[in-house]
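K.L.:
Before anything else, here's the structure in question.
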Amino acid sequence: MSAVNRRYFLMSSGLVAAAPLAVRASSLNGANNRVRVAIIGVKGRGGEHIRGFSELSKNNVELAALCDVDESVLNQRLAQVEKSAGKKPAAFTDMRKVFEDKSIDAVSFATPNHWHALGTIWACQAGKDVYVEKPASHNIFEGRQMVEAARKYKRIVQHGTQIRSSDAIKEAMQMLREGVIGDVYMAKGLCYKRRDTIGKAAEEPVPNGVHYDLWTGPAPSRPFTKNRFHYQWHWQWAYGNGDIGNQGLHQLDVARWGLGVKLPSKVQSMGGHFMFDDDQETPNTQVTAFMYPEEKKLLTFEVRHWDTPAEGTDLKVGILFLGSKGYMEIPNYGQYRVFLGKDRTPGPTRKRDGDHFANFIDAVRSRKPETLNAEIEEGHRSTVLAHLANISYRLGRTLTFDSKTETFPGDKEANSHLGRKYRSPYVVPAKV
């Protein structure tokens with residue numbers, strides 16, 4: 001048992017792990033075999049999952065089922081798919097029923113963050129391959145358990161950091177390694193998204209057709225409010241991870257990729273919930289530094305939530321890489337720009353996206369996880385950065401982190417934030 005698991009056992013003793021579901025061996029090893037996909041969580045980002053997998057129908061991919069705890073959202077999406085594809089997928093409100101369906105080959109999660117880990121683990125135990133949205137997990141313990149489940153059950157698990165499939169960004173990463181801007185010593189991730197106040201929402205009865213107990217799942221049981229439900233859950237600690245773990249996860253991932261680093265040894269994060277008196281718990285202004293002393297590299301990240309100037313040429317959501325000969329800007333999901341020397345002479349540039357869903361399906365068919373552009377362990381490492389930032393922010397101090405054990409040596413208070421207590425039966429198991 002790993003160190004993080006031992007610590008988690010001490011923190012959550014008395015909880016019973018969910019029993020594994022029966023594993024069905026995959027029979028998809030072949031380029032022409034039909035892949036039947038179920039999408040779990042179909043509002044918001046789930047709409048992009050529907051579009052992405054539907055566009056692969058020409059490649060023998062079938063959108064076989066949709067699952068959502070809000071029946072009004074589910075029915076709307078079912079009608080949408082039936083209109084465009086001429087066939088209505090199977091419908092579920094409880095993801096466990098999806099896992100019991102032996103005809104489903106893969107599941108795609110666009111649920112709130114607090115469901116990512118348990119859903120992925122259950123799916124792996126049931127013999128399904130998984131595409132899971134960012135951030136991989138709600139906390140550090142969960143992310144490691146997702147990796148363990150993928151390994152134990154030999155599942156293909158893709159993390160939803162789709163920038164990794166961009167041909168332009170792949171080229172940019174190769175150019176950084178080849179020295180296009182010299183020795184790269186620092187990366188700065190930016191998340192300057194104009195977000196308005198979410199206001200204050202009163203407690204109210206659960207809306208008709210909403211399976212709120214299923215929605216709450218592993219999180220603590222709390223009365224229903226609109227600010228604890230669709231999208232606004234991002235700003236509540238029980239379900240989300242703030243903007244550094246939301247939009248920011250994409251930029252953290254590329255920043256870490258470009259620096260060629262894994263996990264840091266020190267992290268410091270400060271900020272606050274500035275300007276608005278509302279229900280938001282997570283910071284809307286946050287500045288974080290991740291130190292890699294052995295590699296002599298620094299990764300910083302900044303969240304700003306209101307009217308704010310851009311950096312570089314026009315960066316508000318993106319990454320800056322700083323090197324001894326110049327710098328590189330990555331302003332969006334599929335573009336890079338290079339500027340060289342003290343005169344900032346324009347260098348190479350390219351703009352081109354990729355297909356993250358297609359990359360997942362290719363790996364499902366080949367049974368080769370190494371062909372994934374964002375295999376779950378890479379997703380876990382980048383997600384850990386967001387968790388480290390938030391733990392440092394919440395404790396109000398610099399933290400020392402052991403990347404091998406994924407713990408805070410000798411720091412009981414910080415280690416208490418590695419995982420959480422779960423609400424039975426929605427328990428992320430200490431042994432997958």
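K.L.:
Residue pairs, Cβ under 7 Å, 6 or more apart or interchain, first in segment 283-310 and touching a residue at least 40 places away in the same chain (Cβ under 8 Å), second in a loop (DSSP other than H, G, I, E, B) and among the charged types (D, E, K, R). List them.
P.N.:
Close Cβ pairs (under 7 Å, with a partner that is in a loop (DSSP other than H, G, I, E, B) and among the charged types (D, E, K, R)) amount to ASN284/ARG195; HIS305/LYS193; HIS305/ARG195; TRP306/ARG194; ASP307/ARG194; ALA310/LYS316.
K.L.:
Count, please, the residues in segment 221-240 that happen to be on the phi < 0 side of the Ramachandran plot, part of a loop (DSSP other than H, G, I, E, B) and surrounded by 13 or more Cβ atoms within 10 Å (Cβ to Cβ). First the steps, then the outcome.
P.N.:
Restricting attention to segment 221-240, the residues satisfying the condition of being on the phi < 0 side of the Ramachandran plot are 221-230, 232-240.
Then drop every residue that is not part of a loop (DSSP other than H, G, I, E, B), which leaves 221-225, 229-230, 236-240.
Among the residues that remain, those that are also surrounded by 13 or more Cβ atoms within 10 Å (Cβ to Cβ) are: 222, 224-225, 229-230, 236-240.
Count: 10.
K.L.:
Can you find, within segment 390-411, the residue that is nearest to ASN241 (Cα to Cα) among those that are in a loop (DSSP other than H, G, I, E, B) and either modelled with pLDDT under 95 or among the hydroxyl-bearing types (Ser, Thr, Tyr) (or both)? Working first, answer last.
P.N.:
First pass over segment 390-411, keeping only residues in a loop (DSSP other than H, G, I, E, B): 396-398, 401, 403-406, 408-411.
Those still in the list that are either modelled with pLDDT under 95 or among the hydroxyl-bearing types (Ser, Thr, Tyr) (or both) too: 398, 403, 405.
Values: THR398: 19, SER403: 21, THR405: 22 Å.
Checking each candidate, the answer is THR398.
K.L.:
List every residue pair whose Cβ atoms lie under 6 Å apart, where the two residues are 6 or more positions apart in sequence or sit on different chains, the first residue falls within segment 167-178 and is closer than 13 Å to GLU329 by Cα, and the second residue, located anywhere, is assigned to a helix (DSSP H, G or I).
P.N.:
As it stands, the answer is ILE169/ILE163; MET173/TRP257; MET173/GLY258; LEU176/GLY258, since those pairs meet every condition given.
K.L.:
Quick check on my filter: what residues within segment 241-281 are assigned to a strand (DSSP E or B) and either in contact (Cβ under 8 Å) with a residue 40 or more places away in the chain or under 15 Å from ALA136 (Cβ atoms) (or both)?
P.N.:
Taking segment 241-281 and keeping what is assigned to a strand (DSSP E or B), we get 266-272.
Answer for segment 241-281, where residues must be assigned to a strand (DSSP E or B) and either in contact (Cβ under 8 Å) with a residue 40 or more places away in the chain or under 15 Å from ALA136 (Cβ atoms) (or both): LYS266, VAL267, GLN268, SER269, MET270, GLY271.
K.L.:
Hey, another quick one. Can you find a residue that is touching an Asp or Glu at 6+ places or on another chain (Cβ under 9 Å), at pLDDT 95 or above and buried (at least 21 other Cβ atoms within 10 Å of the Cβ) anywhere in segment 342-357?
P.N.:
Scanning segment 342-357, I find at least one residue that is touching an Asp or Glu at 6+ places or on another chain (Cβ under 9 Å), at pLDDT 95 or above and buried (at least 21 other Cβ atoms within 10 Å of the Cβ), so the answer is yes.
K.L.:
Would a scan of segment 391-403 turn up a residue that is in contact with a His (Cβ under 8 Å, 6 or more places away or on another chain), in contact (Cβ under 8 Å) with a residue 24 or more places away in the chain, within 24 Å of GLN251 (Cβ to Cβ) and buried (at least 18 other Cβ atoms within 10 Å of the Cβ)?
P.N.:
Yes, some residue in segment 391-403 is in contact with a His (Cβ under 8 Å, 6 or more places away or on another chain), in contact (Cβ under 8 Å) with a residue 24 or more places away in the chain, within 24 Å of GLN251 (Cβ to Cβ) and buried (at least 18 other Cβ atoms within 10 Å of the Cβ).
K.L.:
Kindly check whether there is at least one residue in segment 369-389 that is modelled with pLDDT of 95 or more, out of contact with any helix residue (DSSP H, G or I) (no Cβ under 6 Å at 6 or more places or on another chain) and crowded, with 23+ Cβ neighbours inside 10 Å.
P.N.:
Taking segment 369-389 and keeping what is modelled with pLDDT of 95 or more, we get 369-389.
From what is left, the residues that are out of contact with any helix residue (DSSP H, G or I) (no Cβ under 6 Å at 6 or more places or on another chain) are 369-370, 378-379, 381, 388.
If we keep only those that are crowded, with 23+ Cβ neighbours inside 10 Å too, we end up with 379, 388.
The answer is yes; a qualifying residue exists.
K.L.:
Condition first: aliphatic (A, V, I, L, M) and crowded, with 17+ Cβ neighbours inside 10 Å. Now tell me which residues in segment 245-282 satisfy that.
P.N.:
Our first condition is that a residue be aliphatic (A, V, I, L, M); within segment 245-282, this holds for 249, 252, 254-255, 259, 261, 263, 267, 270, 275.
The answer is LEU249, LEU252, VAL254, ALA255, LEU259, VAL261, LEU263, VAL267.
K.L.:
Name the strands (runs of 3 or more DSSP E) wholly inside segment 282-361 in which the number of residues that are under 28 Å from ARG397 (Cα atoms) and in contact with a Pro (Cβ under 8 Å, 6 or more places away or on another chain) is 3 or more. Working first, answer last.
P.N.:
Working: elements: 285-292, 297-304, 317-323, 326-332, 335-340, 345-351.
Qualifying strands (runs of 3 or more DSSP E): 285-292.
K.L.:
I've got another one for you. Cβ-Cβ distance below 6 Å, separation of 6 or more or different chains: which pairs start in segment 196-211 with a residue that is farther than 20 Å from TRP235 by Cα and end on one that is among the small types (Gly, Ala, Ser)?
P.N.:
Short answer, once both residue conditions are applied: GLY209/SER72.
K.L.:
I would also like to ask the following. Kindly list the number of the only condition in (1) among the hydroxyl-bearing types (Ser, Thr, Tyr); (2) closer than 26 Å to SER166 by Cα; (3) out of contact with any Ser or Thr (no Cβ under 8 Å at 6 or more places or on another chain); (4) surrounded by fewer than 20 Cβ atoms within 10 Å (Cβ to Cβ) that fails for THR300.
P.N.:
Among (1) among the hydroxyl-bearing types (Ser, Thr, Tyr); (2) closer than 26 Å to SER166 by Cα; (3) out of contact with any Ser or Thr (no Cβ under 8 Å at 6 or more places or on another chain); (4) surrounded by fewer than 20 Cβ atoms within 10 Å (Cβ to Cβ), the lone unmet condition for THR300 is (3).
K.L.:
Do any residues in segment 47-61 that are under 12 Å from PRO89 (Cβ atoms) have Cβ atoms under 6 Å from those of residues that are part of a helix (DSSP H, G or I), where the two are at least six apart or on different chains, and which pairs are they?
P.N.:
Pairs that qualify, where the first residue is under 12 Å from PRO89 (Cβ atoms) and the partner is part of a helix (DSSP H, G or I), are PHE53/PHE357.
K.L.:
Residues that are surrounded by 24 or more Cβ atoms within 10 Å (Cβ to Cβ) and under 17 Å from the mean Cα position of the chain (by Cα), at least 2 per element: which helices (runs of 4 or more DSSP H) completely within segment 103-211 meet that? Talk me through it step by step, then tell me what you get.
P.N.:
Numbers: elements: 116-125, 140-152, 167-178.
Correct list: 116-125, 140-152.
K.L.:
Considering only segment 308-331, state which residues are over 26 Å from the mean Cα position of the chain (by Cα) and either within 18 Å of GLU178 (Cβ to Cβ) or of a type in the set (A, V, I, L, M) (or both). Lay out the reasoning, then the answer.
P.N.:
In the first step, residues of segment 308-331 are kept if they are over 26 Å from the mean Cα position of the chain (by Cα); the result is 309, 312-313, 323-327.
GLY323, SER324, LYS325, GLY326, TYR327 - these are the residues of segment 308-331 that are over 26 Å from the mean Cα position of the chain (by Cα) and either within 18 Å of GLU178 (Cβ to Cβ) or of a type in the set (A, V, I, L, M) (or both).
The values are calculated or read from the model by the stated rules, or taken from the named source; none is laboratory data. Quantities reported herein were computed from a predicted structural model and do not represent experimental measurements. Reconstructed Cβ throughout: ideal geometry from the backbone, glycine too, with neighbour counts over all protein chains shown.
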